[in-house]
Amino acid sequence: VQLVESGGGLVQPGGSLRLSCAASGFTFSSYWMSWVRQAPGKGLEWVANIKQDGSAKYYVDSVKGRFTISRDNTKNSMYLQMDSLGAEDTAVYYCAREGALSFWGQGTLVTVSS
Amino acid sequence: DIQMTQSPSAMSASVGDRVTITCRASQGISNYLAWFQQKPGKVPKRLIYAASSLQSGVPSRFSGSGSGTEFTLTIGSLQPEDFATYYCLQSNSYPFTFGGGTKVEIK
């Protein structure tokens with residue numbers, strides 16, 4: 001099982017960023033997938049997850065209306081579109097397999113700063 | 001939202017000690033509880049799922065118990081590589097929520 005995140009970087013407040021998670025080593029289309037974040041020096045925060053076929057999506061309240069989770073099973077990939085970013089969104093973003101987070105990627109750092 | 005309260009938030013222990021970490025849910029979550037270990041600068045690793053099932057490859061000194069609102073992670077005999085921060089996660093209802101973490105340090 002391998003999960004590789006990409007797309008992080010420095011973005012100005014109010015800006016947008018799209019994270020990607022490339023999966024390999026398992027049947028991607030058979031699993032729920034999740035995003036989790038960790039602000040510098042802080043604990044873990046569950047962000048969102050998406051059902052196998054993309055028909056169900058759930059978010060933490062703090063990102064509802066700003067973040068959109070999606071997936072492309074033909075590309076074994078999951079995405080997180082992040083809009084209206086604020087300093088509070090600065091974190092390492094991890095993708096993880098399943099709702100109970102059995103495997104994690106290495107993470108990608110998102111920094112929101114002017 | 002379901003609040004997950006971990007205790008203690010930090011502790012000091014010696015190699016060979018038996019360590020117990022508790023996670024309390026603000027409402028019943030059946031057995032939808034997982035435990036994770038995170039070492040500094042590293043990716044979190046799942047240790048326990050479904051409250052008491054040991055993740056493949058995880059040493060048997062780790063065990064989990066509980067159901068409903070109170071859960072426990074036990075390390076039977078603390079090893080040097082176990083010094084880390086531990087988190088619980090409830091996946092019973094949305095939004096999923098983590099506990100605040102327990103940092104296990106060397107005494």
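None of the figures in this text is laboratory data; all of them are computed from the coordinates on show. Just so you know, these numbers come straight off a predicted model, no measurement behind them. Here Cβ is always computed from backbone atoms with ideal geometry, including for glycine, and neighbour counts include all displayed protein chains.
Distances between placed amide hydrogens fall under 5 Å for A:GLN106 paired with A:GLU5, all partners being 5 or more residues away or on another chain.
Which of B:TYR86, A:TYR31 comes first, and how do the rest follow, when ranked by fewest Cβ neighbours within 10 Å? Could you put the intermediate results ahead of the total?
On the way: B:TYR86 24, A:TYR31 20.
Ascending number of Cβ neighbours within 10 Å: A:TYR31, B:TYR86.
The modelled label-to-label distance for the pair A:SER30/B:THR5, using points 7 Å beyond Cα in the direction of Cβ, is 4.1 nm. Taking other C-beta atoms within 10 angstrom as a stand-in for reagent exposure, A:TYR58, A:TYR93, B:TYR94, B:TYR87 fall in the order B:TYR94, A:TYR58, A:TYR93, B:TYR87, fewest first. For the set A:LYS57/B:LYS42; B:LYS42/B:LYS107; B:LYS39/B:LYS107, the pairs lying more than 26 angstrom apart at their alpha carbons are A:LYS57/B:LYS42.
If you build a Gaussian network model of chain B, linking Cα atoms that sit under 10 Å apart, which residue out of B:GLN37, B:GLN90, B:GLN79 swings the most? Judging by the Gaussian network model, the answer is B:GLN79.
Net charge dipole, the protein assembly as shown: roughly 220 debye, given to the nearest 20, about the Cα centre with Cβ charges of +1 for Lys and Arg and -1 for Asp and Glu.
Note on A:30-36: average number of Cβ atoms from other chains within 10 Å of each residue's Cβ is 1.
Can you list the aspartates and glutamates whose alpha carbon sits under 15 Å from that of A:LYS64, skipping same-chain ones fewer than 8 residues off? Straight-distance partners of A:LYS64: A:GLU45, A:ASP83, A:GLU88, A:ASP89, B:ASP1.
Phi-derived couplings, Karplus 6.51 cos²θ - 1.76 cosθ + 1.60 at θ = phi - 60°, listed residue by residue for the range B:7-19: 8, x, 7, 8, 7, 10, 8, 9, 4, x, 5, 8, 10 Hz, with x used for Gly and Pro. When you work out D = kT/(6 pi eta Rh) for the range B:1-53 at 25 °C and 0.890 mPa s, using the Kirkwood radius from C-alpha pairs as Rh and the Stokes-Einstein form, the result is 189 µm²/s.
With a Förster radius of 30 Å applied to the C-beta separation of A:SER70 and B:VAL58, the computed FRET efficiency comes to 0.40. Rounded to whole numbers, the Karplus 3J(HN,Hα) couplings from phi for the range A:15-24 are x, 10, 7, 10, 8, 10, 9, 9, 10, 8 Hz, using 6.51 cos²θ - 1.76 cosθ + 1.60 with θ = phi - 60°, and x at Gly and Pro. Along the range B:91-102 the Karplus relation, 6.51 cos²θ - 1.76 cosθ + 1.60 evaluated at θ = phi - 60°, assigns HN-Hα couplings of 10, 7, 8, 8, x, 4, 9, 9, x, x, x, 10 Hz to successive residues, with x for each Gly and Pro.
Projecting the Cα atoms of A:TYR94, A:GLN12, A:VAL110 onto the dipole axis of chain A, where Lys and Arg carry +1 and Asp and Glu carry -1 at the beta carbon, places A:TYR94 farthest toward the positive end. Considering only B:ALA13, B:ALA84, B:ALA51, the mean-square fluctuation computed in a Gaussian network model of chain B, springs between alpha carbons under 10 angstrom, is largest for B:ALA13. Sorted ascending by nearby beta carbons within 10 Å, beginning with the fewest, A:MET78, A:MET33 become A:MET33, A:MET78.
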